[in-house]
1. Neighbour counts of other C-beta atoms within 10 Å: give me His71, His13 arranged from fewest to most.
2. For Arg15 and Ser125, compute 0.36 nm times the residue count separating them, minus their Cα-Cα distance, and round to one decimal in nm.
3. Where does each of Arg219, Arg203, Arg272 land when they are ranked from fewest to most other beta-carbon atoms within 10 angstrom?
4. Which of the residue pairs Lys53/Lys119; Lys78/Lys119; Lys208/Lys232; Lys30/Lys53; Lys30/Lys78 have a Cα-Cα distance greater than 24 Å in the structure shown?
5. How do the peptides 46-54, 204-212 rank, highest first, by the average count of neighbouring beta carbon atoms within 10 Å per residue?
6. Please work out the FRET efficiency for the pair Asp178 and Arg236, using the Cβ-Cβ distance as r and a Förster radius of 25 Å; give the result to the nearest 0.05.
Amino acid sequence: MSSAIAGTFRQIHTRIWDDPWFQDLLPDEKLLFIYLFSNERAALCGLYELSLKTMGFETGLRPDAITLALHRFGEAGKAFYEAPYVWVPNLRKYNETASEKVQIRIAKELAAIPDCDLKRRYVASDTTPPDVGASAPDSVSIPYPPGPSEKEKEKEYETAKEKRPRRHKPPAAPRPHDPLFDAIAEVCQIDPATAGSSIGKVRAQILKATPPYTADDVRAFGTWWWAGGYRKRPPRVWDLQEQIGVVRTERPTPEPKGFAAVRAMAKDLEARGGD
């Protein structure tokens with residue numbers, strides 16, 4: 001393994017998902033444990049510097065949730081934290097090889113850690129929980145809080161979920177008034193809320209004419225459409241797009257008197273299926 005690869009990748013064994021200890025962790029605890037293996041500061045030797053502030057920033061977890069999770073990891077001998085250093089025993093186990101370059105890198109990483117209680121425990125391969133057994137006489141003892149019960153952990157997780165900010169979708173801006181768009185919807189008797197896309201496409205096409213068609217032209221087309229006296233339905237938007245040219249080649253005939261009522265009756269008959 002080259003130093004470039006060693007600095008980029010960290011191995012996490014797939015058996016972790018079958019580990020009963022890992023399966024019993026809360027979702028936030030699982031996230032933090034995997035993070036300790038995979039963050040960019042994770043050293044091959046398994047012992048590296050990592051602040052609580054950085055853990056919180058990069059995982060989105062709250063400080064109290066991180067502290068409780070680290071305590072649980074320490075009790076199980078899976079990871080130990082003594083600010084600002086963390087030791088993950090299996091990190092070296094799953095990433096170390098016999099390569100000379102890897103061994104040199106591990107030695108350099110370890111040498112960069114100043115003498116401290118956690119480093120002495122690392123060298124001695126002491127993975128007992130911090131509050132078990134005698135501490136070194138010149139070490140600084142960090143008290144760990146009593147472990148929470150399962151109910152307390154569940155309550156903590158639910159509380160954390162409730163406190164997370166929810167994203168609210170901003171209300172859609174109202175459609176600006178467009179006389180041509182509204183005229184097409186009026187003449188074709190369609191709802192802009194459901195047929196807005198089709199109306200917009202036809203609007204764009206008739207604006208390309210020279211000169212562009214106007215809202216008055218569209219309404220003149222509507223008058224022409226019903227003037228024949230034989231149509232039982234309003235024009236479709238595509239009828240309007242293809243035939244609106246008649247308003248410039250023919251003189252629209254006013255709608256016959258009383259024909260609006262006839263058109264309404266025809267529309268009602270069509271809605272009932274022609275009975």
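Here, each number is a calculation from the coordinates, and none is a lab measurement. Please read these numbers as outputs of a predicted model, since none were measured by experiment. Here the Cβ positions follow ideal geometry from the backbone for every residue, glycine too, while neighbour counts run over all protein chains shown.
1. Lowest count first: His13, His71.
2. 37.3 nm
3. Working: Arg219 16, Arg203 22, Arg272 7.
With the sparsest Cβ surroundings first, the list reads Arg272, Arg219, Arg203.
4. On the way: Lys53/Lys119 21 Å; Lys78/Lys119 16 Å; Lys208/Lys232 30 Å; Lys30/Lys53 18 Å; Lys30/Lys78 12 Å.
Beyond 24 Å: Lys208/Lys232.
5. Working: 46-54: 17.4, 204-212: 11.2.
Answer by packing, highest mean first, reads 46-54, 204-212.
6. Calculated value: 0.80.
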